[in-house]
1. Placing a label point 7 Å from Cα toward Cβ, how far apart in nm is B:P160 from its equivalents in the other copies, listed shortest first to one decimal?
2. Report the dimensions of region A:93-157 along its three principal axes from the alpha-carbon atoms, largest first, rounded to Å.
3. Nearest beta-carbon of A to the rotation axis carrying it onto B: which residue, how many whole Å?
4. In nm to one decimal, list the spacings between the A:N50 label point and its equivalents in the other copies, with label points set 7 Å along Cα to Cβ, shortest first.
5. Which three numbers, in whole Å and largest first, are the semi-axes of the equivalent ellipsoid of region B:57-194 derived from its Cα gyration tensor as √(5λ)?
6. Can you give me the P(r) profile for chain B? Cα pairs, bins 20 angstrom wide beginning at 0, each as a whole percent.
7. Just add up the charged neighbours of B:D332: K/R +1, D/E -1, any other residue whose Cβ is under 10 Å from the Cβ of B:D332.
8. Report Rg/Rh for the protein assembly as shown, rounded to two decimals, where Rg is the Cα radius of gyration and Rh the Kirkwood radius.
There are 2 protein chains.
Amino acid sequence: MQKPRTLFVSLFMAGALALSTAATADEIDRQKLQEQAQSLFAPLPEKVDNPDNPLSDVKVELGKMLFYDPRLSESGFISCNSCHNLATYGVDNLPTSLGHRWALGPRNSPTVLNAALHSVQFWDGRAADVEEQAQGPILNPIEMAIPDGDAAVERIASMPEYVELFEQAFPDEPESLSYDNVANAIGAFERTLMTPDRFDEFLKGDADALSDNELAGLQVFLNQGCVACHAGPALGGQMMARFGMVESYWEATRDFIAIDQPTMPMDVGRFAVTQDAGDLYVFKAPSLRNITRTYPYFHDGSVWDLRDATQIMARVQLGSEINEDDMDRLMDFYQTLEGEIPADALKLPILPSSRVDTPRPSHE
Amino acid sequence: MQKPRTLFVSLFMAGALALSTAATADEIDRQKLQEQAQSLFAPLPEKVDNPDNPLSDVKVELGKMLFYDPRLSESGFISCNSCHNLATYGVDNLPTSLGHRWALGPRNSPTVLNAALHSVQFWDGRAADVEEQAQGPILNPIEMAIPDGDAAVERIASMPEYVELFEQAFPDEPESLSYDNVANAIGAFERTLMTPDRFDEFLKGDADALSDNELAGLQVFLNQGCVACHAGPALGGQMMARFGMVESYWEATRDFIAIDQPTMPMDVGRFAVTQDAGDLYVFKAPSLRNITRTYPYFHDGSVWDLRDATQIMARVQLGSEINEDDMDRLMDFYQTLEGEIPADALKLPILPSSRVDTPRPSHE
């Protein structure tokens, strides 16, 4: 797995230099701002290719079926879509997710939308891509809790419709139905979950796609230095960064708003993966696409209000404070990042019928 | 609520008279069998009207959104679709459902498909229609666990998109957003969940819609007396009947197959509602539409194999035993009852965004 970049210095500098406030509508040079945005961001692609897992219609459809199939959990009650609900923009809108036996997960479930664009997966970047990521929750004892990959494959192999689809989706492989390919199919589906929005129209050349207020919000976003971590096609997802550059996010957040999770320990972030002191409190900078919909915020889902989350980020990452007018404009800008989920992904698949010899679900 | 009919005598007679076995293909008089079937069953309607809750496009769409919305549960994790998953024919394919705090429900979740045709709702018939039924699980502490109807309304009222839809769906009411109307909207959606199948084609006049084997299965179904309880457009759902007419279903089932729920108490059925001795072990005869998909079977979900379930029914309801050939044909016939779920119902709706003042979910 490629080591994620941890950009501290440039981030801090961007923040320290950010002194401007929102420009008024008159002052905004649409074309100049558009060119600047085009150099920092990029329109969402239609899909994200992976040479190691080439997309095909049948593979994506199979991945969709698996994504919606609760039989990928030991209980038969939890599917990928339970925590990455496409009806709510690929998240469950819970601080942290519920799993097998009502276990509470330690981190907020990030959206699957546009996630294939991220340089690494999970908050701590411990998976290289969506295919590797998809292997995790199915076997995690506090998530979907299937005992092991073989058990997952055994369930699927009991259903001839699935076996046939795996053969079609992975035609050149001696063993088309394997746990790796379960995850490859789900990953392929995720690679199609792009959500084009009005900001894309702006980036693609329509200078009038954003209103004056939204443009002013973009200007604040650039001036404040948010773009240091939230750039690229997903406005984020491209780097690991210490959460709490200027002051402890933990203390600042709990000082700033009342948090109802007093007993949750402070999360050491990527340090838990690498045991490298430089990775303490380091998390992936999340994508801001659909950010209005993916509340509550941060890796611990502790903040529900996007204004609060933005203010906390300014304070602990950039050492600044955003005034109310600028905050209003940022909220206007965020609205342009609310995209359209592909219609095919929202069509609930009819799942294959279990057979008499399909291993039975267990809630124990 | 209308008192459900409990037809004991006719049921028993039908069983006692059922001595025939499957006819061979040669012997089947397609036209005669078709006429007989047309007199006992009926094609599914496109939808089921309710004068007290007239259908409209906006009401059905609103009901669909509520059906898929996990915010109708206290945890924010469980929606109607969690236990009545339309990707698996309106059921969760679990013996009994999981609910709030991983509580295990006492009875198998019946399918919502074609349920609006039933004369009463719930296994014990305690609700008159789908509208009354829909009020139950949302507030049931071991299901969705919202404290009360006001709390459910408070959540929904915090989201302007929902408020607007309620006004459109219930335009002539002084209080369009009420708990009754939450259930009315969900009920309206359910009234559209009809699943036309090949048996409908046969009933509508296409005598060749069923194969010889499937027709032979229909003949067994009639000859054995199954039709005594499983008649009408839904092949069931029209009457309450004692489960265990000839012998105790409890003992027979546990004698017949290994049951992995040794500690589950025998369910007294409708007796729990009426305290009428005649209602002991009385349950609603379920619909057989999509019966191949709505495993595991019976009110306690204790039987996974449709052959076993059918044999047990023959034994404890009809005092007969179905031979292997007849059973094969019955399975062929059941296959014709696998219908098509309306495409609109399978389109996952994009749910309104919670607001900062929307009451927060709690898994406690």
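Only the coordinates and a few stated rules stand behind these numbers; no lab work does. No experiment lies behind these values; they were computed from the predicted model shown. With ideal geometry, Cβ positions are generated from the backbone for all residues, glycine too; neighbour counts draw on all protein chains shown.
1. Result for B:P160, in nm, nearest copy first: 5.5.
2. Result, largest extent first: 31, 25, 18 Å.
3. Per the Cβ-to-axis criterion, the result reads A:W102, 2.
4. 4.5
5. Working: eigenvalues 104, 60, 34 Å².
The answer is 23, 17, 13 Å, longest axis first.
6. Binned Cα distances yield the sequence 29, 55, 16, 0.
7. Numbers: positive: B:R329; negative: B:D212, B:E214, B:D328.
Counting the neighbours of B:D332, the net charge comes to -2.
8. Values: Rg = 28.2 Å, Rh = 27.7 Å.
So for the protein assembly as shown, dividing Rg by the Kirkwood Rh gives 1.02.
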